[in-house]
Each structure stands twice: as C-alpha cells, then as structure tokens.
Amino acid sequence: MMIPENIHVSMFNIQCNDLLIYLTDKYSNNLIDLIAKKARESTHQLFNIFKGIKTRISEVPKDIENLTEIKDYISNLPNDLEKIKLDINKCLDIYKTLEDYNYC
C-alpha cells in the first residue's frame with residue numbers, strides 16, 4: 001500500500017510528506033539493524049566452523065587409525081573450504097551493504 005503525498009478529505013488537503021519521511025527513517029533503520037544482526041550471526045557461524053576445523057587438526061592422535069582420519073580430514077579440507085568461501089563472500093557482501101549505509 002502506498003501513502004500518497006497529499007490526501008483530499010472534504011475541503012481539507014492533508015500533506016503526508018512528514019509522515020512518509022518518519023516512516024521511511026524508522027523502518028529503514030530497523031531493516032539495517034536486521035541486516036546487521038544477520039551479519040553478526042553469519043560471522044559467528046563462520047567463526048565456529050573455523051574453530052571446529054582448528055580443533056580437529058590440532059587434535060593429538062591416539063593411534064594410527066585416528067592419525068589416518070585426521071590426515072583424510074586435512075586432505076578433504078580444501079573442498080570444504082571452497083564451500084565455506086561462498087558463505088564468507090555472502091557475509092562480506094552483507095558487510096559491504098552495511099558500510100554503504102555507514103552502519104557502525
């Protein structure tokens with residue numbers, strides 16, 4: 001629903017410019033805050049993924065089977081990092097959008 005700039009009611013002409021400006025500012029700020037929250041959540045998820053990777057590759061092997069599992073994990077890591085790279089790029093795009101709006 002669009003709010004017109006002027007509304008004619010009987011013999012009165014009501015100007016809605018101030019209302020439009022107020023609502024635009026209010027809801028654009030809420031939208032930017034929502035985008036920032038999404039960016040924070042995405043960053044925390046990425047941080048936890050990398051923390052899990054670090055924990056896994058820093059693990060001291062208990063036996064030869066465990067060492068083999070860690071080696072296999074490390075050899076598959078580039079493929080996993082490519083998938084994570086897409087999420088990183090999405091997150092960077094979100095931060096670029098926030099930067100365009102000078103969000104702190």
Exercise. Kindly indicate whether LYS83 is in a helix (DSSP H, G or I), in contact (Cβ under 8 Å) with a residue 24 or more places away in the chain and among the charged types (D, E, K, R).
Key: no
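Okay, residues lined up against (1) closer than 30 Å to ASN29 by Cα; (2) aliphatic (A, V, I, L, M); (3) at pLDDT below 95:
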position: ARG56; (1), (2), (3): no, no, yes
position: VAL60; (1), (2), (3): no, yes, yes
position: ASP80; (1), (2), (3): no, no, yes
position: LYS90; (1), (2), (3): yes, no, yes
position: LYS96; (1), (2), (3): yes, no, yes
position: TYR103; (1), (2), (3): yes, no, yes
Quiz item: Within the set of pairs 6+ apart or on separate chains, which have a first residue in segment 9-32 that is closer than 14 Å to TYR101 by Cα, a second that is surrounded by 11 or more Cβ atoms within 10 Å (Cβ to Cβ), and C-beta atoms under 9 Å apart?
Solution: SER28/TYR101; ILE32/THR97; ILE32/LEU98; ILE32/TYR101; ILE32/TYR103
Practice problem: Being touching a strand residue (DSSP E or B) at 6+ places or on another chain (Cβ under 7 Å) and at pLDDT 80 or above is the filter; apply it to segment 6-34 and report the residue that is farthest from CYS91 (Cα to Cα). | Solution: ASN13
Quiz prompt | Count of residues meeting criterion [surrounded by 13 or more Cβ atoms within 10 Å (Cβ to Cβ) and out of contact with any Ser or Thr (no Cβ under 8 Å at 6 or more places or on another chain)] in segment 58-91 | solution = 9
Quiz item: Is there a residue being in contact with a helix residue (DSSP H, G or I) (Cβ under 8 Å, 6 or more places away or on another chain), within 19 Å of TYR103 (Cα to Cα) and aliphatic (A, V, I, L, M) anywhere in segment 39-51?
Solution: yes
Exercise. Tell me, yes or no, whether segment 41-56 has at least one residue that is more than 30 Å from ASP72 (Cα to Cα), in a helix (DSSP H, G or I), free of Cβ contacts under 8 Å to residues at least 40 places away in the same chain and of a type in the set (Lys, Arg).
Key: no
Quiz prompt | Residue list for segment 1-18, filter: in a helix (DSSP H, G or I) and acidic (Asp, Glu) | solution = ASP18
Practice problem: Would you check which residues across segment 1-36 are more than 30 Å from CYS104 (Cα to Cα) and among the small types (Gly, Ala, Ser) and list them? | Solution: SER10
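The values are calculated or read from the model by the stated rules, or taken from the named source; none is laboratory data. What you see is a predicted model; the values in this text were computed from it and never measured. Virtual Cβ from ideal backbone geometry, glycine too; neighbours counted across all protein chains shown.
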